[in-house]
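> Let me begin by handing over the structure; questions about it come next.
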Amino acid sequence: MSKSTHLSQTAVVFMISVALVALARSEDTDLSIHIDHVMLGASNLERALSDFEKATGVHPILGGTHPSGTQNALVSLGRSTYLELIAPRPDAKPSHVISDLSKLDKLTPIGWAVSGANAQAIQERLSKNGFFLTSPTAGSRLTPSGTTLRWEAFQLKDEFPGAPFFINWVPQSPQPSSTSPTGCTLEHWTVGGPNPDLLTRLQKVLGLSFEIYKSPKEQFTLSVSCPKGKVVFGPPVQPQ
């Protein structure tokens, strides 16, 4: 083999490698998997609004009501992520969700959602790696202006403590980070649970940035940077 032939073949291999890397990055860019929102639960929304504004310097906007009997208020955290303050409506019928929220005496992180540009592709990526999703469930929220926002939600079939749910916004419904008050940004989202290995595996599959630690039960800690400085909601993160 001549030197020129060898160099040509090396160049071809290099070009193919670059193309494959570029394709992988393109797929990740197209999926745009990110934390859609994090949730702070409260027993009373009016009090939650006041407590949040006192702590952060940002006043959440009322988001509206859900058919489940809850109501919310919203704050943008930047980069297509928002914060949802959620509490029971005064007229809510008894349910497990309403009961859990009613027991909270302060703003408490209770869950999170993941989204992306292509819900089907995300579902395929998850299933290829052993994480299977439920069929979509339609969700909606009636805003104070009378507009109804709609989405589809998916859960992991084999859900485990600390796992997110997945949300796909209907095209006509703007993702709330673009319509909610700004001023706060997400610093850290930390997830504790009895199965940190599962959380770590899910994190790698999705390519998300969040912190994980082992704890006896599911718990979350939210750290945000706001006009009044860094604010932390939830239990102190245990060193590992």
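> Restricting attention to the stretch 217-226, does a residue exist that is under 26 Å from K54 (Cβ atoms), in contact with a strand residue (DSSP E or B) (Cβ under 6 Å, 6 or more places away or on another chain) and in the same structural domain as T56 (by TED's automatic domain parsing)? It would help to see each step written out before you state the result.
The initial filter retains those residues of the stretch 217-226 that are under 26 Å from K54 (Cβ atoms), namely 219-226.
Within this subset, residues satisfying the condition of being in contact with a strand residue (DSSP E or B) (Cβ under 6 Å, 6 or more places away or on another chain) are 219-225.
Applying the additional criterion that residues be in the same structural domain as T56 (by TED's automatic domain parsing) yields none.
Taking every residue of the stretch 217-226 in turn, none turns out to be under 26 Å from K54 (Cβ atoms), in contact with a strand residue (DSSP E or B) (Cβ under 6 Å, 6 or more places away or on another chain) and in the same structural domain as T56 (by TED's automatic domain parsing).
> Given the conditions (1) under 15 Å from Y82 (Cα atoms); (2) buried (at least 18 other Cβ atoms within 10 Å of the Cβ); (3) assigned by TED's automatic domain parsing to the domain that holds Q120, which single one is not true for A163?
Result: A163 fails condition (1) only.
> Okay, next question. Please note which helices (runs of 4 or more DSSP H) are completely contained in the stretch 1-107 and include at least 3 residues that are at pLDDT 95 or above.
Values: elements: 3-31, 45-56, 96-102.
Output list reads 45-56, 96-102.
> Still on this structure: Do you know which residues across the stretch 55-72 are among the aliphatic types (A, V, I, L, M) and either in contact with a Gly (Cβ under 9 Å, 6 or more places away or on another chain) or outside the structural domain of I98 (by TED's automatic domain parsing) (or both)? Even if it seems obvious, please write down each step before you answer.
Going through the stretch 55-72, the residues among the aliphatic types (A, V, I, L, M) turn out to be 55, 58, 61-62.
The one that is among the aliphatic types (A, V, I, L, M) and either in contact with a Gly (Cβ under 9 Å, 6 or more places away or on another chain) or outside the structural domain of I98 (by TED's automatic domain parsing) (or both): V58.
> Looking at P181, P194, which one is closer than 22 Å to P236 by Cα, touching a Pro at 6+ places or on another chain (Cβ under 8 Å) and in contact (Cβ under 8 Å) with a residue 24 or more places away in the chain?
On the way: P181 fails: closer than 22 Å to P236 by Cα.
Only one candidate passes the filter, namely P194.
The values are calculated or read from the model by the stated rules, or taken from the named source; none is laboratory data. This one's a predicted model, so the numbers in the text were calculated from it and none came from an experiment. In this analysis, Cβ positions are derived from the backbone assuming ideal geometry, glycine residues included, and neighbour counts consider all displayed protein chains.
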